[in-house]
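Comments concern the structure below.
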Amino acid sequence: DPIVEVKNLRFYYGASEALHNLNIDFPRRQVTALIGPSGCGKSTFLRCLNRMNDLVDGSRVVGSIRLNGTDIHSSAMDVIELRRRVGMVFQKSNPFPKSIYENVIYGLRIAGVKDRALLDETVEKSLKGAALWDEVKDRLHDSALGFSGGQMQRLCIARAIAVNPEVILMDEPCSALDPKSTARVEELIGELRKDFTIIIVTHNMQQAARVSDYTAFLYEGLLIEYGLTD
Ligand code: ADP
Ligand code: ADP
């Protein structure tokens, strides 16, 4: 069964309908690429999946999104819990002005985890999972402020996986990276799909072909094609 099921989804910014009746199911432990021209609704759709878009003034959602069978807008779903279960990696983000260690366990701190051994273990596992451990293991308590773009994206991935999410959303994670860092993040996505379901927005068709199992093509708020990546 699919991990995320989207039924008759419409999303409005005020009176403007940005997503028109989308129906799509996301298979478990697969990478789905969302592609389409600028302004077609890729980010809007991604941000519906963890209710980030609820924060936009005057926005409105119609239809349903189920995560492992539970409607994400029902009272059975807590938003904080939803955002733990559906992690997000942005196009570009800055480190929090804290240590590498604290950057990784940010989500666990919010969840109130205090067990030092568990935190240490999670930091190591997450940084290894994000292919960053070898570079930073001797300076975990230093600031992350000097990180390169590529290191920063891998730190964001470590932060996302530290809370063991069911789904990881990635919004153009490589568009600010050089080719070498991009190749590294793409390789990482190949590793992560063994444990997580990934939905990645990209405007790069070649990248979609390289990293994804499924491709969904959006055009002016409509899902016009969906299927196995060629
Ligand atoms: P994409 O990610 O494919 O470039 P977006 O999801 O960012 O597309 O945008 C889809 C449509 O929604 C566009 O017409 C855009 O102008 C509009 N839009 C995006 N964000 C907002 C917002 N906060 N308020 C109003 N309209 C928005
Ligand atoms: P990555 O190692 O993530 O692929 P780069 O290839 O851009 O990133 O950088 C190689 C190395 O150069 C990094 O490990 C990092 O130590 C250093 N570096 C690159 N850019 C910066 C920067 N803006 N500030 C500090 N160090 C940097």
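Please verify whether the range 212-228 includes one or more residues that are of a type in the set (S, T, N, Q), modelled with pLDDT of 95 or more, open to solvent by 20 Å² or more (accessible area, probe 1.4 Å) and away from ligand 1 (no atom under 16 Å from the Cβ). No, every residue in the range 212-228 fails to be of a type in the set (S, T, N, Q), modelled with pLDDT of 95 or more, open to solvent by 20 Å² or more (accessible area, probe 1.4 Å) and away from ligand 1 (no atom under 16 Å from the Cβ). List the helices (runs of 4 or more DSSP H) that sit entirely inside the range 114-216 and contain at least 3 residues that are free of Cβ contacts under 8 Å to residues at least 12 places away in the same chain and of a type outside the set (G, A, S). Result: 116-129. Name the single residue, out of those in the range 80-100 being charged (D, E, K, R) and farther than 19 Å from E172 by Cβ, that is least open to solvent (accessible area, probe 1.4 Å). Selected residue: R85.
Looking at the range 183-198, is at least one residue more than 17 Å from Q30 (Cβ to Cβ), in contact with a helix residue (DSSP H, G or I) (Cβ under 7 Å, 6 or more places away or on another chain) and within 11 Å of ligand 2 (Cβ to nearest atom)? So far as the range 183-198 goes, yes, one or more of its residues are more than 17 Å from Q30 (Cβ to Cβ), in contact with a helix residue (DSSP H, G or I) (Cβ under 7 Å, 6 or more places away or on another chain) and within 11 Å of ligand 2 (Cβ to nearest atom). Looking across the range 1-58 at every residue that is of a type in the set (A, V, I, L, M, F, W, C) and open to solvent by 50 Å² or more (accessible area, probe 1.4 Å), the one that is farthest from G69 (Cα to Cα) is identified as A15.
Just name the residue that is modelled with the lowest pLDDT out of those in the range 77-103 that are assigned to a loop (DSSP other than H, G, I, E, B) and more than 20 Å from W133 (Cα to Cα). Break it down stepwise before answering.
First, the residues of the range 77-103 that are assigned to a loop (DSSP other than H, G, I, E, B): 77-78, 90-98.
Okay, now just the ones that are also more than 20 Å from W133 (Cα to Cα), so 77-78, 90-92.
Details: M77: 96, D78: 94, F90: 92, Q91: 90, K92: 86.
Here the answer is K92.
Of the residues screened, I168 is one that is touching a helix residue (DSSP H, G or I) at 6+ places or on another chain (Cβ under 6 Å), open to solvent by less than 10 Å² (accessible area, probe 1.4 Å), under 28 Å from N53 (Cα atoms) and not hydroxyl-bearing (S, T, Y). Being in a strand (DSSP E or B), away from ligand 1 (no atom under 12 Å from the Cβ) and within 30 Å of E186 (Cα to Cα) is true of L9.
From S93, S43, S75, which residue is within 16 Å of ligand 2 (Cβ to nearest atom) and among the hydroxyl-bearing types (S, T, Y)? Show your work before the answer.
Values: S43 fails: within 16 Å of ligand 2 (Cβ to nearest atom); S75 fails: within 16 Å of ligand 2 (Cβ to nearest atom).
Only one candidate qualifies: S93.
When the range 161-180 is filtered for residues that are modelled with pLDDT of 95 or more and small (G, A, S), only A162 remains.
The values are calculated or read from the model by the stated rules, or taken from the named source; none is laboratory data. Every value quoted in this text rests on a predicted model; they were computed, and no experiment measured them. Every residue, glycine as well, gets a Cβ built from its backbone with ideal geometry; the counts of neighbours run over all protein chains shown. To get the accessible areas, we keep the full protein, side chains included, count just its heavy atoms, and leave off ligands, DNA and RNA. Shrake-Rupley method; radii C 1.70, N 1.55, O 1.52, S 1.80 Å.
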